[in-house]
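Beneath this line is the structure, given in structure tokens, with notes to follow.
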Amino acid sequence: MNEQHEKRETALPIDRRDLLKAAGVSAAAVGAATFVGSPAQAQDLSDGADNFYTSDRVNLEKVTFSSQYDMDVVGNLFTPKRGGRGRRRPAIVVGHPMGAVKEQSANLYATKMAEQGFATLAIDLSYWGESEGQPRQSVLPDVYAESFSAAVDYLGTRRFVDRERIGAIGICGSGSFVISAAKLDPRIKAIATASMYDMGTVNRQGLNASQTLEQRKEILEAAAEQRYVEFEGGETLYTGGTVHELNEDTPEIQREFYDFYRTPRGEFTPASSTPDLTTHPTLSSNAKFMNFYPFNDIETISPRPLLFISGDQAHSREFSEDAYERAAEPKELVWIPGAGHVDLYDRVDLIPFDKLTDFFTEHLAA
């Protein structure tokens, strides 16, 4: 990011978001051995949190491959050391939470599943992290879904991967993106989500349908007006994401995200961003989520299996329930007792890796 471009990029200050208050809450969902970027020092490992977990039982390789739109997607490829690449094995693509990057939650899931014998690929969605796309941190749901299919292209052409046994895991917002991808891409043979957010519904309606149609229209008006500003070379504004400081009025949901994204527990700044901008999508592009309906036609994924995992205390549980009700068999909804939304990002004592292992072992069997 050059200096001139950087000066024209500004995160929308929290205390100036009255008009976008509903959008700010909904976008809160956005809320390895070698890292490119800047993780916080002295990781917080309390309560089982281990976002930056690494394993001496897996190999890690950074890989780059092209999407159908000729955009480079960057990922971390994890393979088990035992057995190496001498045999064709099942593989899993892992997508990070909305507004995050692969070093936040996705690497952890990918590492843990590689320990169980899978080849795994944690990706940066297009426009985020190390993957290509301008402007940075733009919202384009179809291209997010394409990132998953491009990852399948890559994995399915590796000699050590059985292309008939490729699955995917979507965490938080990526849960809705991987479902969107799987509806169009039958090569994704098994799909699991954790703490899923339907980024379309939450931007249209807010959590628990708390946002009115009038509020939605005000958000769309603000985003449309911002397009004029940016078209004429004005500063890029960012919205949603996670607050950068807490006060007595900070909502509990934002406190939950703050504990991950703004503390040593999970804070990470990729080279393509700055600490002031991480987690924030661009204001003008975020409106595209209003036209995103990932659960429409979810039943057409059948007979490929779907596994939805959510904390029973998660503020996002409504989205896993909705997807489960709409999906056709085979499907399963697993509640994690006592877990909140962000708990399933990195609390290894709560994330049901055994369940994920059993699910993918069964459904990606030779």
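Compute the accessible area per residue over the chain, keeping the other protein chains in place, probe 1.4 Å, unit Å².
It amounts to 41 Å² per residue over the chain.
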task: Could you rank the peptides 295-308, 113-126 by their average count of other C-beta atoms within 10 Å per residue, with the highest value first?
output: 113-126, 295-308
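Provide, as a two-decimal number, the C-alpha radius of gyration of the stretch 89-225 over 2.2 N^0.38 Å, N being how many residues it has.
On the way: Rg = 16.0 Å, N = 137, 2.2 N^0.38 = 14.3 Å.
Ratio of Rg to 2.2 N^0.38 Å for the stretch 89-225: 1.12.
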Mean ellipticity per residue at 222 nm, deg cm²/dmol - from DSSP H runs of n ≥ 4 across the chain, formula -39500 (n - 2.57): -9000 deg cm²/dmol
Under 13 Å from the Cα of LYS102 - aspartates and glutamates, other chains or at least 8 residues apart: ASP124, GLU130, GLU267, ASP346
- request: Enter the Cα centre distance for the pair the stretch 273-287 and the stretch 197-245, rounded to the nearest angstrom.
  value: 11
message: With a 1.4 Å probe and all protein chains left in place, how much of the accessible area of the chain comes from carbon and sulfur atoms, in whole percent?
response: 46
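Top to bottom by accessible area (1.4 Å), largest first, where do HIS96, HIS315 land? List each step's numbers first, then the result.
Details: HIS96 0, HIS315 35 Å².
Heavy-atom accessible area, descending, gives HIS315, HIS96.
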task: Calculate one ³J(HN,Hα) per residue across the stretch 124-130 by plugging θ = phi - 60° into the Karplus curve 6.51 cos²θ - 1.76 cosθ + 1.60, and present them in order as whole Hz with x for glycine and proline.
output: 8, 4, 3, 6, 10, x, 8
query: Over what distance in Å are the Cα centres of the stretch 124-172 and the stretch 42-80 separated?
result: 13
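Does the stretch 48-158 come out rounded, prolate or oblate, given a ≥ b ≥ c as the square roots of the eigenvalues of its C-alpha gyration tensor, rounded meaning a/c under 1.5 and, failing that, prolate meaning a/b above b/c?
Working: a/c = 2.47, a/b = 1.42, b/c = 1.74.
Oblate is the answer for the stretch 48-158, as a/c is 1.5 or above yet b/c matches or exceeds a/b.
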field: Residues whose placed amide H lies under 5 Å from that of ILE92, excluding near-sequence neighbours
entry: ALA119, THR120, LEU121, GLY167
query: Taking a 23 Å limit on the Cα-Cα distance, which of the listed pairs LYS62/LYS331; LYS189/LYS355; LYS112/LYS355 fall beyond it?
result: LYS62/LYS331
message: Can you work out the Karplus-derived ³J(HN,Hα) for every residue in the stretch 167-183? Use 6.51 cos²θ - 1.76 cosθ + 1.60 with θ = phi - 60°, whole Hz, and x for glycine or proline.
response: x, 8, 10, x, 9, 6, x, 5, x, 6, 6, 6, 5, 4, 5, 5, 4
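In nm², what is the average projected area of the convex hull enclosing the Cα atoms of the chain? All intermediate terms of the calculation are to be shown ahead of the outcome.
Numbers: hull surface 67.4 nm².
Its Cα hull, projected and averaged over all orientations, spans 16.9 nm².
The values are calculated or read from the model by the stated rules, or taken from the named source; none is laboratory data. Since we're looking at a predicted model, the values are computed, not measured. Cβ atoms come from the backbone with ideal geometry, glycine included; neighbour counts cover every protein chain shown. These accessible areas exclude ligands, DNA and RNA; they are computed on the full protein's heavy atoms, side chains included. Shrake-Rupley method; radii C 1.70, N 1.55, O 1.52, S 1.80 Å.
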